[in-house]
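Notes follow the structure.
The values are calculated or read from the model by the stated rules, or taken from the named source; none is laboratory data. These numbers were taken from a predicted model, which means no experiment stands behind them. As a convention, Cβ positions derive from the backbone with ideal geometry for all residues, glycine included, and neighbour counts pool all protein chains shown. Side chains are part of the model used for accessible areas, which takes the heavy atoms of the whole protein and leaves out ligands, DNA and RNA. Shrake-Rupley method; radii C 1.70, N 1.55, O 1.52, S 1.80 Å.
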Amino acid sequence: MKQVVQNYKSGELALLDVPVPGCKPGGVLVRSAYSLISTGTELMKVSEAGMSMLGKARSRPDQVAKVVQSVATNGVPATYRKVMGKLDSYTPLGYSLCGVVEQVGAGIDDVAVGDLVACAGNEHALHAELNWVPKNLYAPVPDGLAPRHAAFGTVGSIALQGVRRGEPQLGEVALVVGLGLIGQLVVQLLAASGVRVVGADPDPARCELAERLGAAACGDPASAAVESAVAELTGGHGVDQVYLAAGGGSNEPVELAARLSRDRGRVVDIGKCRLDLPWNAYYEKELDVRFSRSYGPGRYDPEYELEGRDYPIGYVRWTERRNLACFLDLVARGDVDVEPLVSHVADFDDAVETYRSLKDGGLKAVAVLFRYPGHAAGAQAPVVAVPEVKRPGGPATAPVRASRTPVRLAFVGAGNYATSMLLPHLAQREGVELSTVVTTTALSAANAQRKFGFAEATTDLDAVLGDKSVDAVFVVTRHSSHAELTRQALLAGKTVFVEKPLALTEEELAGVLAAVEESGNDRLQVGFNRRFAPLLREAKERFGARTGPASLRYLVNAGRLAQGSWYLQQDTEGSRFAGEGGHFIDTAGWLLDADPVSVYAVATSGKEDLQVVLSYPDGSTATISYVTTGAPGFPKETLDLVADGKVLRLDDFVRASVYGRKRWVSSRLPKARDKGQSAELAAFVRAVRTGGPMPVPLESLVATTAATLAVRAGLAGGAPVTLARSR
């Protein structure tokens, strides 16, 4: 395997071939996915290695003292050989990574092979393809957290431990001196704790970043801006805490802390900066100076780190490992956002050149990640299967029915969407009879019966599925029940209309298709109505056939949900995009006349706003921007399709246009937006009545559902997801 090493005597950096570590008891063998370069600690070590022997001695007086003691004890020749031998050896770099468990040692029962873990330790979380990591130096990665973000676990724990040492309280004001990697994380942790933060750093870009991530104000410590901000936020009393996250040989951070602290304030040293305390200033304010020791309690204790002996939680609440798990949880929940800190992602094979660029100043960065083989974008991408639709004996046909009798429909569920967008189009439609409505509560069924004229209202689903006079069943319930109700209705031989989504997991999708195969009934429609919208259909017709690949952009200004909406119950009902995203993926596929072959998804902090990029067999791409933070007055859906020197534009189903050799612009619709529900239902009823093909092929419905599911996998893995057609 390969590992980044450095010769401290010569300063040489190398990507060395070394033996694979064994998987010892009490730990796990981890294959690295991403590891983080600490642009503070590691670069300081790299810079020291490039110094002369005198420079090294000046930078490490603690080591010089040990050499002097060794000379007194062992003599000059022996000490010289010992020191030169140690200097002229390769030493490792790195201490923060995320990877996949490849082997589990004896005594480990909290993780299994294949689990994703974040790892810590300058002897165990190295820039190497494989590392053996003891139990108390790794933590499982929460579901949905991308590996590149989990790689921040160790440096996040350092920042978290520093904040804990400051004991912040709601409403306090803190000063963070040094806005490098640790400082930026400290800013976010304090802001999440209800503390107002002032940042100090000479780099304007870092100040701007910290303000974006939650700081109230930032500025150059040499200017009056920081002092003015502190005075304004504290009423002239001074900050409650100062966090020293700066490095270097200047004593200015310590002096600034004394000047801007309140009486009896707390000063926490997290970084490695000069600490010549100005005695009078610290004495007069009786400042409490505290040190933060790395990741937390347990650090440097071999019984804790190597032997796995935990400290009882009743005595030590936040140990090294518990800090690591806590930080991962904060990032997974969106309380801390590490993505803006990522300045560069380098392939592990380019590690040496990356270090040189950082050292020489060619690469200016807050955080740099190494991406390991197998986790590079496009390499060994995650896969979501697009199951094959199997129909025993070929496509199913509808039961023979008298052509003059009305189509009898049953509804399972009668919530807002059913009663506002579906039933009004069906209640007065000729040749349709609303047979039965099924709901979980008797009153909602009675209300739907009264309003829309259902012949019967019940809470008994089995009675409807067993009623041979019912031709089709509409499943319009909460998302978590769609797949199971669809499966039951298919097995009962019913034609099914299910509102999106068809399924929330790959297992649910497989269950629906298993019902198709078992019953031979493929009479299924999912409520992807936008492809039926008259305005969009006319625009597509006027755009005409394509000869080359297309680029499609779809902006969905979804807006905020009302407090208490069941859409917010993501643990049971899936994410908003899982519930609604199929609409837009289906529309894109219909416009491009193809199903996607890969999906790449990225999200903002908290995963509220998504960018989803879909690739198609002919090289076409579709980008869906699903945002919840836009202005309410802006149109909800705008779409542009560009290909062959032509542009199709859709403005929220109110106006459409096509630009090419000739320009076509629709007249503005005089009434409400028509998003295709009426035409979709007409096509469905026609298929039920005639026994003809369903409006959308089942294969397309399955492909759209699989692509929607792939978005979650893409967010979790941070890489494109291949949509593999099973055969």
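Taking a point 7 Å out from the Cα of residue 383 in the direction of its Cβ, none of the residues of the range 120-151 has a backbone N less than 18 Å from it. A 1.4 Å probe run over the chain, with the rest of the protein chains in place, finds 44 Å² accessible per residue.
Each label point was placed 7 Å from the Cα along the Cα-to-Cβ direction; for residue 333 and residue 551 their separation is 4.1 nm. Legend: calculated FRET efficiency, residue 277 to residue 602, from the Cβ-Cβ distance at R0 = 56 Å, rounded to 0.05, equals 0.80.
For residue 451, a cut-off of 18 angstrom between C-alpha atoms picks up these aspartates and glutamates, skipping any fewer than 8 places away in its own chain: 430, 433.
Straight-line reach from residue 540: taking Cα to Cα under 19 Å and skipping same-chain neighbours fewer than 8 places apart, the aspartates and glutamates in range are 586, 593, 595, 618, 637, 640, 644, 651, 652, 674, 680.
Cβ distances below 4.7 Å define possible disulfide partners, and in the chain the cysteines left without one are 23, 98, 119, 273, 326.
Rounded to the nearest 0.05, the FRET efficiency derived from the C-beta distance between residue 203 and residue 7 at R0 = 30 Å is 0.45.
Shown are 91, 587, whose ranking by accessible area with a 1.4 Å probe and every protein chain present, most to least, is 91, 587.
In this structure, residue 91 and residue 309 have a Cβ-Cβ separation that, at R0 = 35 Å, corresponds to a calculated FRET efficiency of about 0.80. Of all DSSP bridge pairs formed entirely within the chain, close to 55 percent run antiparallel. Computed on the chain, with alpha-carbon pairs under 8 angstrom and 6+ residues apart, the relative contact order is 11 percent. Just the protein heavy atoms count here, and of the accessible area of the range 152-299 at 1.4 Å, carbon and sulfur take up 49 percent. Each peptide in 261-269, 705-713 gets a packing score, the mean of other Cβ atoms within 10 Å over its residues, and the list from highest to lowest is 705-713, 261-269. The modelled label-to-label distance for the pair residue 264/residue 16, using points 7 Å beyond Cα in the direction of Cβ, is 5.4 nm. Against the chain, whose longest principal axis comes from its Cα atoms, helix 351-360 is set at around 60 degrees. Projecting the alpha carbon convex hull of the range 576-624 along each direction and taking the average yields 3.2 nm².
A crude spin-label estimate for the pair residue 699 and residue 72, with each label 7 Å from Cα along the Cβ direction, gives 8.5 nm.
Exceedance of the 32 Å cut-off in Cα-Cα distance is limited, within the set 135/272; 390/646; 2/135; 2/364, to 390/646. Amide H to amide H, with H built 1.01 Å from N, residue 496 comes under 5 Å of 473, 524, 525, counting only residues 5 or more places away or on other chains.
By accessible area, using a 1.4 Å probe on protein heavy atoms only, the range 636-697 has 52% of its surface on carbon and sulfur. Coupling constants for the range 453-462 follow from the phi torsions by the Karplus curve (6.51 cos²θ - 1.76 cosθ + 1.60, θ = phi - 60°), and in residue order they are x, 4, 5, 9, 10, 7, 10, 9, 5, 4 Hz; glycine and proline get x. Think of the chain as having a plus end and a minus end, set by charges on the Cβ of Lys, Arg, Asp and Glu; of 724, 134, 524, 524 sits farthest toward the positive end of this dipole. Once you order the gyration tensor axes a ≥ b ≥ c over the Cα atoms, which shape class does the range 292-392 get: rounded for a/c under 1.5, otherwise prolate or oblate by comparing a/b with b/c? In terms of gyration-tensor shape, oblate. Taking Cα centre as origin and charging only the Cβ of basic (Lys, Arg, +1) and acidic (Asp, Glu, -1) residues, the dipole magnitude of the chain rounds to 1560 debye.
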